[in-house]
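Single-structure report; data block below.
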Amino acid sequence: MTAEHTIQEYLDVLSSKAPVPGGGGASALAGALGGALGMMVANLTIGKKKYADVEEDMKQYLEELQGIRDDFIRLADEDAIVFAPLSAAYSLPSATEEEKAYKDEVMEKNLLAASLVPIRIMEKTGRTLEILEALVSKGSRLAVSDVGVAVAFVRAALLGAVMNVYINTKSMKNREKAEELNQYAERMIAEGSAHADAIYEQVLASLR
């Protein structure tokens, strides 16, 4: 499980020939890092007299970001879990029509499952960015640069996860479902990237 590894252990496995973790899990981890940085900003703001008027907001953001961080880690593990049966399905025999039909059925099922996990990673970035945007204006000014870093991580999670959507939908036989997922992912990329870039520029402007 992702959370049970040290950073060094995780990087060693990630850089090895092991099939998982891969890009999907790494994308989810990037999202978790973004959420954790947002939590840090909230923690640095809570308890400061200067920010007493946003204390309750910070507590709410902190609680929500903790859930988001944990969800990203869970999704990193789920990405690894759904890859195993998909990888096995590629090796199923297809010499006869019956075998081919069965392989196609199993492949389709597992390709869909492997597409939905990164979709959920992408979905999770939306609310994360909303909270980070609020932290730019409400959080401690001493930590505004950390919000910018958090945004960069969350943007990476978004753009990374979509790669796992596309690589799986490309092989799906059900092209209607594949295009539905692709179009949904494309909308999230367009909206999420624009949102992340706007927040990032806002942070840069406040630092310069």
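Efficiency by 1/(1 + (r/R0)^6): what FRET value for residue 52 and residue 194, r their Cβ-Cβ distance, R0 = 35 Å, to the nearest 0.05? Walk me through the intermediate numbers first.
Working: r = 33 Å, r/R0 = 0.95.
Approximately 0.55, to the nearest 0.05.
Show which lysines lie in cross-link reach of residue 103 when reach means a straight Cα distance below 24 angstrom and same-chain residues fewer than eight apart are skipped.
Cross-link targets: 170, 173, 177.
Which percent of the accessible area of the chain is formed by carbon and sulfur heavy atoms (probe 1.4 angstrom)?
Working: 6380 of 11080 Å².
That fraction is 58 percent.
For the chain, what class follows from the C-alpha gyration tensor (a ≥ b ≥ c being the square roots of its eigenvalues): rounded when a/c is under 1.5, otherwise prolate if a/b is larger than b/c, else oblate?
Values: a/c = 3.00, a/b = 2.15, b/c = 1.40.
It comes out prolate by the Cα gyration axes.
Using each residue's phi in the range 135-141, evaluate 6.51 cos²θ - 1.76 cosθ + 1.60 at θ = phi - 60° and report the 3J(HN,Hα) Karplus result to the nearest Hz, with x for Gly and Pro.
5, 4, 8, 9, x, 4, 5
With θ set to phi - 60°, apply the Karplus curve 6.51 cos²θ - 1.76 cosθ + 1.60 along the range 35-42 and write out the HN-Hα couplings as whole Hz, x wherever there is a Gly or Pro.
For the range 35-42, the Karplus curve yields x, 5, 5, x, 4, 4, 4, 4 Hz.
Going highest first, how would you order 191-198, 124-131 by mean Cβ packing within 10 Å? Mind dumping the intermediate values first?
Values: 191-198: 16.0, 124-131: 21.4.
Listed from highest to lowest mean packing, they are 124-131, 191-198.
What number, rounded to the nearest 500 deg cm²/dmol, is the helix-based mean residue ellipticity at 222 nm of the chain, given -39500 (n - 2.57) per DSSP H run of at least four residues and division by all its residues? Walk me through the numbers before you get to the answer.
Working: 6 runs with 167 residues, N = 208.
Mean residue ellipticity at 222 nm (helix-derived): -29000 deg cm²/dmol.
Beyond a 18 Å Cα-Cα separation, which of these cross-linked pairs lie in this structure: 17/100; 50/138; 17/124?
17/100; 17/124
Among 76-85, 109-118, 176-185, how do they line up by average Cβ neighbours within 10 Å per residue, starting with the highest?
Result, highest mean first: 109-118, 76-85, 176-185.
With θ set to phi - 60°, apply the Karplus curve 6.51 cos²θ - 1.76 cosθ + 1.60 along the range 199-208 and write out the HN-Hα couplings as whole Hz, x wherever there is a Gly or Pro.
5, 4, 5, 5, 5, 4, 4, 6, 8, 7
The values are calculated or read from the model by the stated rules, or taken from the named source; none is laboratory data. Small disclaimer: the values here were computed from a predicted structure and weren't measured. Note: ideal-geometry Cβ built from the backbone for every residue, glycine included; neighbour counts use all protein chains shown. What goes into the accessible areas is simple: the full protein's heavy atoms, side chains included, and nothing from ligands, DNA or RNA. Shrake-Rupley method; radii C 1.70, N 1.55, O 1.52, S 1.80 Å.
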